[in-house]
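The values are calculated or read from the model by the stated rules, or taken from the named source; none is laboratory data. Since this is a predicted model, take the numbers as computed values, not measurements. No Cβ is skipped: glycine too gets one built from the backbone with ideal geometry, and neighbour counts run over all protein chains shown.
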Amino acid sequence: MGGRPTNVRTFAGWVYCAFILDVFSRRVVGWQASTSLRTDLAFDALEMSLWTRRRDGHDTSALVHHSDRGVQYVAVRYTERLAEAGAVASVGSKGDSYDNAMAEAFNSLFKAELVRNKGPWRSIDDLEIAVAEYVDWLNHRRLHGEIGLVPPVEYEAQHRVTTLAQQPAPRDFHVSIKPGT
């Protein structure tokens with residue numbers, strides 16, 4: 001998983017959006033919008049991502065969370081929540097954008113596909129509705145070249161089917177026990 005906040009101008013002022021992406025499938029698994037850059041912005045996106053993954057039946061104890069050194073992602077509350085979930089924090093070194101390049105690319109895509117095409121919005125309320133619709137479209141209908149030109153949710157479903165097909169079938173064992181043997 002990876003994340004980094006970005007900002008969007010509304011008529012009422014700046015709104016900050018944080019997204020948590022699944023690196024494997026390119027799916028947005030958590031997001032949040034806020035009028036401030038406090039830790040709650042990233043924390044709420046993290047909570048949504050953990051909830052989404054658990055709802056889908058995924059074990060979150062082995063996940064790696066990539067981020068930059070933004071104060072939201074190195075805050076004690078945030079890192080403690082990652083530890084509670086069993087996640088490992090992967091924080092890039094100072095001046096190194098490679099560890100979080102996917103989040104940076106997503107923010108550019110978000111601004112190109114939604115902000116520039118559909119904005120501006122009156123307030124955070126209008127933007128939140130637009131982001132919810134965008135995330136739904138992105139996860140369920142947008143074709144992603146990096147994952148075989150299918151939407152992320154479909155890619156995950158294909159992976160699940162493939163993984164299950166590769167597991168050996170359970171064998172039936174019939175045991176009979178005869179007295180005295």
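Within segment 7-23, the residues that satisfy the criterion of being touching a residue at least 24 places away in the same chain (Cβ under 8 Å) and either in a strand (DSSP E or B) or closer than 26 Å to R53 by Cβ (or both) are V8, R9, T10, V15, Y16, C17, A18, F19, I20, L21, D22, V23. Among the candidates A165, A75, A87, A157, the residue that is surrounded by fewer than 17 Cβ atoms within 10 Å (Cβ to Cβ) and either touching an Asp or Glu at 6+ places or on another chain (Cβ under 8 Å) or at pLDDT 75 or above (or both) is uniquely A157. Only a single criterion out of (1) assigned to a loop (DSSP other than H, G, I, E, B); (2) at pLDDT 95 or above is not satisfied by S93, namely (2).
Among the residues of segment 109-150, those that are assigned to a loop (DSSP other than H, G, I, E, B) and either of a type in the set (K, R) or closer than 16 Å to V23 by Cβ (or both) comprise R122, R141, R142, G148. Of all residues in segment 26-62, those satisfying the criterion of being polar (S, T, N, Q) and either part of a strand (DSSP E or B) or surrounded by 22 or more Cβ atoms within 10 Å (Cβ to Cβ) (or both) are Q32, S34, S49. The set of residues in segment 121-137 being surrounded by 17 or more Cβ atoms within 10 Å (Cβ to Cβ), among the aromatic types (F, W, Y) and over 15 Å from R9 (Cβ atoms) consists of Y134 alone.
Any residue that is touching a helix residue (DSSP H, G or I) at 6+ places or on another chain (Cβ under 7 Å), under 18 Å from R53 (Cβ atoms) and free of Cβ contacts under 8 Å to residues at least 40 places away in the same chain - is there at least one of those in segment 95-110? No, the conditions are met nowhere in segment 95-110.
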